[in-house]
Amino acid sequence: MSNPPAHVDSWYAASANRQLQFPALAESTRADVCIVGGGYTGLSSAIHLRKLGYSVVVLEANRMGWGASGRNGGHVGTGQRAGQHALEKLVGMQRARALWDLGLEGVDTVCQLIEEFAIDCDLRTGNLHAASRAGDARELAEEAEHLQTVYGYRDIRYVDAASLAELTSAQGFHGATLDNGARHLHPLNYALGLAAAAQSLGVALHENSRVSGYREGDKVVVHTATGSVTADYLLLACNGYLDRLEPRSAGRIMPINNYMLATEPLPEATARRLIRDNTSMTDTRFVVNYWKLSADNRLLFGGGETYSRRLPADIRHFVRPHMLKIYPELKNTRIDYGWGGTLAITMNRMPDFGRLSPQVYYTQGYSGHGVPIATLAGKLMAEAISGHAARFDVMADVPSPRFPGGTLLRWPGLVAGMLFFSLRDRLAR
């Protein structure tokens, strides 16, 4: 069998501090739980299940952390991807508060795993969420006050435009929230650290083991080209790479492509001017820009999306204008890396948790909030399998509408909607 594809040519891959390789599945084997997908969801599930005494096999089509888990912006945000006001309208105050608490637990779970398994992934503190429009600034100020007074969350505060200018040289913003409960990290080193942790606990990890299908009966039997796993439970942790493996859940997510670049290492004075306190940063555009500094003072900047399987021919050139709109001072800065790949979004931007049967669980559609919530998802799936499903059900009970037209017709509608919001972003003031 051929070797699995290498990680994409990103700054993350170039600065990976572990070189892990796991064998392809080459036999028929038995486990309590079979997990499909070697990203944050699958690896966190494996770790938490092993702690509960279950035997676990993880099947990954490529490399551990090969998908969005190894190439994302590295932001570990608080709460959920949808804001609390939206969640209060969607599910009511009591359930919105439970979702907020779970979001905070997602951040805590990331930090706890990093500490427990001594994962070296450049964990840092804080995120600035900057208002791209004047109206957004007012909404951010209201959000900060709401979280402080209603949810008792004291780690967030509003920063006006004048104070924001002291924290960053980013252009075009009207204010921001500073959330010191948020974290950011090196996403691939975090994923590789989770894989090493899972292996140390006795999880059987298999790369280059694409699942071709499965069947349910007294047990679930999961097939690859060279072997099979018979298990009591199956966890689908494929996210944007689910493809045709499970049509029953595929219609609730839309795979899209997102892109990043990394500049050359910047002088210390320049780095501190861009982001004085080394927080991560995001903006309020519908097609969000997100950025942070690396450990060697590169600007890692994410911006732009496409909605087909074809990636831009020159990703650096594709992302660079988004960066220069915010940091025109970097017009003469060399771009060393450009990369991209697939993630999955949902209609309401909330993750989709669910059961397809008593034997088959899935989580997907993290919509750009995957580092904490996918890590949390693994913990909650392990709880549910062990007979304690209440917290999993808090997430699973959030409405998760299907895209109109299912998997066949979702793409044209999404593109039309995205083009509308992209135009609104371009016209924003």
(message) Percent of Cα-Cα pairs more than 32 Å apart in the chain, please.
(response) 33 percent
(message) With θ taken as phi - 60° and the coefficients 6.51, -1.76 and 1.60, list the Karplus ³J(HN,Hα) couplings across segment 121-133 in order, rounded to whole Hz; mark glycine and proline as x.
(response) 9, 6, 5, 10, 10, x, 9, 9, 10, 9, 7, 7, 10
(message) Considering just Cα atoms, how many Å³ per residue does the convex hull of segment 144-208 enclose?
(response) 179 Å³
(request) Consider a paramagnetic label point 7 Å from the Cα of CYS111 along Cα→Cβ; state which residues of segment 75-103 have an amide N under 15 Å from it. (result) 76-79, 101-103
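In terms of the Cα gyration tensor, with a ≥ b ≥ c the square roots of its eigenvalues, is segment 325-395 rounded because a/c is under 1.5, prolate because a/b exceeds b/c, or oblate?
Because a/c hits 1.5 or more and a/b exceeds b/c, segment 325-395 counts as prolate.
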(message) Relative contact order of the chain, please, whole-number percent, based on alpha carbon pairs below 8 angstrom and at least 6 residues apart.
(response) 24 percent
(message) Using square roots of five times the C-alpha gyration tensor eigenvalues, list the equivalent-ellipsoid semi-axes of segment 242-387 in whole Å, biggest first.
(response) 35, 18, 12
(message) As a test of the formula, what do you get for the chain when each DSSP H run with n ≥ 4 contributes -39,500 (n - 2.57) and the sum is divided by the residue count, at 222 nm and rounded to the nearest 500 deg cm²/dmol?
(response) -11000 deg cm²/dmol
(message) To make sure I understand, if each residue's beta carbon is the centre and we count other beta carbons within 10 Å, what order do GLU143, GLU166 fall in, fewest to most?
(response) GLU166, GLU143
(request) Could you work out how far helix 134-149 tilts from the main Cα principal axis of the chain, as a 0 to 90 degree angle to the nearest 10? (result) 60 degrees
(message) Can you compute 3J(HN,Hα) from phi for each residue in segment 165-173, using the Karplus curve 6.51 cos²θ - 1.76 cosθ + 1.60 with θ = phi - 60°, rounded to whole Hz and x for Gly and Pro?
(response) 5, 7, 9, 7, 8, 4, 9, x, 10
(message) Taking the Cα centre as origin and putting +1 on Lys and Arg beta-carbons and -1 on Asp and Glu beta-carbons, what dipole magnitude results for the chain, to the nearest 20 debye?
(response) 1000 debye
(request) Return LYS219, LYS331 ranked ascending by Cβ neighbour count within 10 Å, so the fewest neighbours appear first. (result) LYS331, LYS219
(message) About the Cα centre, and with charges only on the beta carbon of Lys, Arg (+1) and Asp, Glu (-1), how big is the dipole of segment 218-303? Nearest 20 debye, please.
(response) 260 debye
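Where does segment 54-95 land on Rg/Rh, using Cα atoms and the Kirkwood Rh? Could the numbers behind the result be given before it?
Values: Rg = 16.8 Å, Rh = 13.9 Å.
Checking Rg against Rh, the ratio lands at 1.21.
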(request) Return the Rg/Rh value of segment 173-253, two decimal places, where both radii are evaluated on C-alpha atoms and Rh is the Kirkwood radius. (result) 1.12
(request) Work out how far the C-alpha atoms of segment 1-159 reach from end to end along every principal axis, then list the three figures in whole Å, largest first. (result) 57, 35, 28
(request) Neighbouring Cβ atoms within 10 Å as the yardstick, rank ARG320, ARG244 fewest first. (result) ARG244, ARG320
(request) Please get the size of the charge dipole for segment 278-322, origin at its Cα centre, with Cβ charges of +1 on Lys and Arg and -1 on Asp and Glu, quoted in debye to the nearest 20. (result) 120 debye
(request) Starting from 0 in steps of 5 Å, tell me what percent of the Cα-Cα pairs of segment 112-256 lands in each bin. (result) 2, 8, 11, 11, 11, 12, 13, 10, 8, 8, 5, 2, 0
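Throughout, read-outs are computed from the coordinates displayed, never taken from laboratory work. Everything numeric here is computed off the predicted structure, so don't read it as measured data. In this analysis, Cβ positions are derived from the backbone assuming ideal geometry, glycine residues included, and neighbour counts consider all displayed protein chains.
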